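The values are calculated or read from the model by the stated rules, or taken from the named source; none is laboratory data. These numbers come from a predicted model, not from an experiment. Ideal geometry is used to build each Cβ from the backbone, glycine not excepted, and the neighbour counts take in all protein chains shown. Heavy atoms of the whole protein, side chains included, go into the accessibility calculation; ligands, DNA and RNA do not. Shrake-Rupley method; radii C 1.70, N 1.55, O 1.52, S 1.80 Å.
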Amino acid sequence: MTAASPISPKSPTREAAPEVLTFCLAGRDFCLPITSVREIRSWSDPTPLPLSDPSLLGVINLRGTILPIIDLAHKLRLSAARSRCDVIIVVACAGRLAGFAVDRVADILTFAPDALSPPPALANTAIAAGLSGMILAEGRCLPVLDATRLMPQQNRDRP
Amino acid sequence: MAHSNDSDRLTLAQRLDLTAAASLHRALLTHTSPQIHLDAGAVSHLGALCLQLLLAAADDCRRRGGGLTLSPRSAAFDAALGTFGVPLSRLQTEAAA
Amino acid sequence: MTQTDDPLAAIRTSFFQECEELLEQLADALADPAFAATAPDQVNAAFRAVHSVKGGAASFELDQLSAFAHRFENTFDDLRAGRRRVDPALMRRILPAADHLSFLIEAARAGRTCVDRSDLLQALDQSENPASGDWFIRFRPTAALYATGNEPLHILNALLELGDARIDLSTETLPHLSDINPEEGYLSWQLRLPGTIAEQALRDCFDFVEDVCDLQITRAVGPALSQAKATADARRSAPAAGDGPTVRIDLDRIDRLMNLVGELVIGQSMLEQTIAPALANSHSPARTAFDTLTSLTSDLQDSVMAIRAQPVKPLFQRMSRILRDAAAVAGKEATIRFLGEMTEVDRSIIEGLTEPLTHMIRNAVDHGLEKPADRRALGKPTCGTVTLSAAHRVGRVLIELFDDGAGIDRARVRAVAVDRGLIDHDQRLTDAETDALLFHPGFSTAQAVTSLSGRGVGLDVVRAALSRLGGRITIESQPGQGTRFQLSLPLTLAVTDGMALRSGGQILLLPLASIRETVRVRGADIRRLDDGTELMQIRGQLVSLCDVAAVLGLPESTPHHDHSVAVLVADEDGRQAALIVDEIIDQRQVVIKGLRTNCGPVAGIAAATILGDGRVALILDPGDMVRRAGSPAVPPSETERLAG
């Protein structure tokens, strides 16, 4: 099994100073609230699932849990082709787990609550659908993704 | 150890422990009468070594057609017999009582 | 044993039926937590039940039964009268005695005698020696003990403080007074103390003298010991009923533990592959250490499984009630008999068995057992017997249901099958093939529509339910003698037997329970219909083909079926399809991992498992594959468009 660098789920999540994990996806920066991130793993090839959403790359074994791997760049329609990813961000929300395939993980940032603004209207509806807000601080504009909206859909019955 | 001079009567010492065993043994052996009367009224401790002497003496008396009688008996004496699992009848012969 | 024209026989039969109810009342009373607190209602109920058994047994001169019931009843009488109270030790003795009472009833019904277990009753009488055999101590002081100033009197007094003891003095070796050495020890003692005392407490009394005396501390032989053995036996078959303290554990925690053990097994096989060169030499230290690890892991797995396991007894007891109700409605006399009811099965399996067994019991009463008058005419006891048994067989649990009824009416089954168009009127079938028609969806031979049958519920439902549990069912029938259903089930739902296949460059698993047979595909056997559906002739039967890789849209599907392998599978309703795969790899046991929680529903896939190399492999859903067979495959490109 490949090395994993767990992030303590007990990271301080004071209201005053939320933390986010920033990462790079198809050359652009995004971030996820640290509270939804379980761990960061190096890449392992997923087993493809039949007749599934093409942004669902397949499943891997996360210490016994079957973890779906989502091609985030594809899901957000940032690239047409499946991107070559090196890192999996394991996210947990609403009792479910998923792995987001990203290019690389950058940093953990703490920002002031007033730096967070609601999501703007975007031309890329796919990004807009997965966005919970924007962080505007220190001259940067960082989209904050909502992990729940990017998870595989639960009650979809395909032919 | 204070013995009565009476030939068939023996007063038992207060503490019948290891140190008393040898003298009790001698005292019992000097009583050749098949009938021995023991006074256990002052006994505060009856140890196993002295118990076995009394048991042997009782058997001895029986073999010679007599028996032991124990009277009076202190509470400590009776309690010790109980602990040792010795019924009084084992020492004291019916006929002799 | 039954004289058909004997009025006494009928009364006798009703007595045994009543006994069953009484046993249930007894079981209920004993199971009530209030009984453990000597609550009068429950104690009275237990007393009345045993008392009634005694009364009936006495009037039928069933001496062994009435004698046992009489003495057993005394225990409850003592409880009623407040002479005793229920404590855990007494509970542990009452339960085996209650079990034995039911054995005695069973034996009396069959006209047999039973092994004498008055030891169970003796154990009940000895309230002072609870859990296990009494302590038995032999103590013989030597001269050294006395010489060191120790005194048996103090030791014996200390033992007496621990509990009621029986003390016996032995003077066997005491010489004549004249031969006595006054400093030598001639006396020895034998003591019997309650088994509840900790051995260490006993040993503490002999502190400092153990090396200057002859001392033996043992559990006493006698009734108390045989009770201890009975308890040990009971524990082997039912850990939950064993003595010793118990804890209640949240099921989730056990499942988590089970998952972790599953991980351990996988981790171990990954390790094995990684260090394979070091393990090649069977005498290498690595090999030895690894073998030790393997056996420990396997023991650990068994132990965790054992925690989840439960005896099938409560399930069987529920069936007893269902049988009674069904018999009453059908106007039949029936009694149930259990074998191996302490057999342990994973709770998930037990839960899943309730429904199919209920159907089967009703089916046995409805279609198996004859009406009392018919049975009498056949010279059979008017009361039919349904035997439910459970046993472990090579990693599976085998449940059998046997009724001593009429057996399968094959002519009628055949007629119905022809009538429903299931078979041609001139089709030749073996007995086994005819019997298998019973499992066909919707098949029912019920002549009268009752509240039990006529619901359109047939044995196909039973088979479907068993199949969901990874189970198989077989039927065997002798006309006039009865019918036997055999259910073979996995010990747990967390592990399944699967066949590993290769298709479209992936390893897939197929539950073994769904597989009928495997055949090599020859192009000549394949027929193609106009709509693109492909059929294959297997043993004279046309079965739709299902190319697994194509149907699932796997990347490397091979266009030609020649030289591939067809695996004939059946869904829960018995519908078949031939799955085309590239290769059959092997059969193996796999740990089932749920997919749905994280991935949602996945087409054609029931669950996943983890292979030895740590990769995920998918477990096919045979039912879904059969449904997909015949329907043209959706090209992956189209799927992608639909999903986008």
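Assorted remarks:
- Prolate/oblate/rounded label for segment B:9-91 (Cα gyration tensor, a/c 1.5): prolate
- Size check on segment A:20-150: the Cα extents along the three principal axes, sorted descending, read 42, 30, 25 Å.
- Scanning chain C for trypsin sites (Lys or Arg not before Pro) lying in DSSP loops with no more than 14 further Cβ atoms inside 10 Å, the longest uninterrupted stretch between such sites is C:249-419.
- Eigen-decomposition of the gyration tensor built on the alpha-carbon atoms of segment C:312-490 gives equivalent ellipsoid semi-axes of 25, 21, 15 angstrom, largest listed first.
- Counting every alpha-carbon pair across segment C:458-519, the share separated by more than 19 Å comes to 46%.
- Averaged over its residues, segment C:234-383 has an accessible area of 53 Å² per residue, based on protein heavy atoms and a 1.4 Å probe.
- Estimated dipole of chain C in Debye, rounded to 20 [Cβ of Lys and Arg +1, of Asp and Glu -1, Cα centre]: 1620
- Residue C:411-residue C:31 FRET efficiency (beta carbon distance; Förster radius 35 Å; 0.05 resolution): 0.15
- Chains C and A together, accessible area buried on both sides, 1.4 angstrom probe, square angstrom: 2500
- Pairwise burial C:B, computed as accessible area of each alone minus the pair, summed, 1.4 Å, Å²: 2000
- Exercise: per-residue mean of other protein chain Cβ atoms within 10 Å, A:53-61: 6
- Counting only protein heavy atoms and a probe of 1.4 Å, the accessible surface of segment A:20-150 is 54% carbon and sulfur.
- Solvent-accessible surface of segment C:7-125, averaged per residue with a 1.4 angstrom probe and all protein chains in place: 45 square angstrom.
- Between amide H atoms placed 1.01 Å from N, distances below 5 Å from residue C:219 occur with C:136, all of them 5 or more places distant or on a separate chain.
- Mean residue ellipticity, 222 nm, helices only, the protein assembly as shown: the sum of -39500 (n - 2.57) across DSSP H runs of n ≥ 4, divided by residue count and rounded to 500, is -11000 deg cm²/dmol.
- Taking the alpha carbon gyration tensor of segment C:294-333, multiplying each eigenvalue by 5 and rooting it gives semi-axes of 41, 7, 5 Å, largest first.
- If you plug the beta carbon distance of residue C:347 and residue C:376 into 1/(1 + (r/R0)^6) with R0 = 41 Å, you get a FRET efficiency near 0.45.
- Dipole moment magnitude, nearest 20 debye, the protein assembly as shown about Cα centre, only Lys, Arg, Asp, Glu C-beta charged: 1460
- Interatomic Cα distance distribution for chain C, bins of 10 angstrom, percent: 3, 12, 17, 18, 17, 14, 10, 5, 3, 1, 0, 0, 0
- Using the Cα coordinates of segment C:135-219, the gyration tensor eigenvalues translate into equivalent-ellipsoid semi-axes of 24, 14, 10 Å, sorted from longest to shortest.
- Only one residue of C:334, C:62, C:436 has its Cα farthest out toward the positive end of the dipole of the protein assembly as shown, where Lys and Arg carry +1 and Asp and Glu -1 on Cβ, and that residue is C:436.
- Against the empirical curve 2.2 N^0.38 Å, the C-alpha radius of gyration of segment C:251-310 lands at a ratio of 1.32.
- Number of Lys-Lys pairs in the protein assembly as shown with C-alpha atoms under 22 Å apart and a separation of 8 or more places or on different chains: 4.
- Taking all pairs of distinct alpha-carbon atoms in the protein assembly as shown, Kirkwood radius in angstrom: 35.3
- Percent carbon-and-sulfur accessible area, chain C, ignoring ligands, DNA and RNA, probe 1.4 Å: 51
- Considering only the protein assembly as shown, percent of DSSP beta bridges that pair antiparallel, nearest 5: 85
- Exposed loop sites were defined as GluC sites (Glu not before Pro) in DSSP loop states (anything but H, G, I, E or B) carrying at most 14 other C-beta atoms within 10 Å; in chain C the longest segment without such a site runs C:184-555.
- Computing FRET efficiency as 1/(1 + (r/R0)^6) for residue C:433 and residue C:107, where r is the C-beta to C-beta distance and R0 is 56 Å, gives about 0.90.
- Segment C:582-625: proportion of alpha-carbon pairs further apart than 11 angstrom, %: 70
- Positions from segment C:251-286 whose accessible area shrinks by 30 Å² or more when the full protein complex is built, not the chain alone, probe 1.4 Å: C:263, C:270
- Within 10 Å of the Cβ of each residue in C:590-600, the mean number of Cβ atoms contributed by other protein chains is 6.
- Basic side chains Lys and Arg get +1 at the Cβ, acidic Asp and Glu get -1 at the Cβ, and with that the dipole of segment C:251-310 about its Cα centre reaches some 40 debye.
- Rolling a 1.4 Å probe across all protein chains gives residue B:88 an accessible area of roughly 50 Å².
- Seen from residue A:61, the other residues with C-beta closer than 12 Å to its C-beta sum to a net charge of +1, counting Lys and Arg as +1 and Asp and Glu as -1.
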